[in-house]
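Values quoted throughout were computed directly from the atomic coordinates according to the rules given, and no laboratory measurement underlies them. Predicted model only: the values in this text are computed from it and were never measured. Note that we place each Cβ from the backbone using ideal geometry, even for glycine, and neighbour counts take in every protein chain shown.
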Amino acid sequence: MKRKLWFLALLAALAVLTGCSLGKEQPPVEDAPAAEAPASQPDSDGESQPEETPPDREAEEPAPALQEAPAPAAEAEQAACTLSITCAVLLDRLDQLEEGVRELVPADGVLLPPTAVELEEGDSVFDLLQRACREAGIHMEYTDTPGYGSAYIEGIGNLYEFDGGPLSGWMYRVNGTFPNKGCSGVAAAPGDRVEWVYTCDLGRDVGGEDSGQLGA
């Protein structure tokens, strides 16, 4: 009987100890902090969408376009005529010329090869001849003839009228044509080709038989 009571007392003590263990509060386990979610923006349907990271601004901006350098302004072409002076017909008459005159005739009969001469406003063929001779250092002598309203060309390069005979002297043509007019009365135009030629036969030996003028 005593053993039975002792056994029951032992069971009761074990029950009290077990109850205390089971009733004791355990410390709560703290959850690990969750990773911070990126901010979101609502889309058109009202649902939140992750906010996109803005692209690099330097990569977004296009490189400035290269500007081409302005083309240099084209220089204005200066108006000019071409003028030449020849006495080729005297080459066939050298033995008929006086000795002092013969020495003045160039070997090729050319006193001035085709040369560009600046053209100024209002220039006449006579003005071009004056300018060309002055720039090239060629002698030129003339007289004014008010009755004809033009200058009369007596000599160029020290070759004068009548040096090649009674019908000799200086004539001119413009663009292949001998004008029947004094050189002071013929206006020069840009691009004109003016030729002064010496004749020994009143123009017939240089293709100017119809002009009928010498020294003009």
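Here each label is just a point 7 Å from Cα along the line to Cβ, and for S84 and E209 those points are 2.3 nm apart. Summing Lys and Arg as +1 and Asp and Glu as -1 over all other residues whose Cβ lies under 10 Å from the Cβ of W170 gives a net charge of -2. Couplings for the range 112-127, taken from phi via the Karplus curve 6.51 cos²θ - 1.76 cosθ + 1.60 with θ = phi - 60°, read 8, x, x, 10, 6, 10, 4, 9, 9, 4, x, 5, 9, 4, 5, 4 Hz in order; Gly and Pro are left as x. Peptides 93-99, 79-85, 138-144, ordered by how many other C-beta atoms sit within 10 Å of their residues on average, highest first, read 79-85, 138-144, 93-99. Charge dipole of the range 110-216 (Cα centre as origin; +1 on each Lys and Arg Cβ, -1 on each Asp and Glu Cβ, all else neutral): 140 debye, rounded to the nearest 20.
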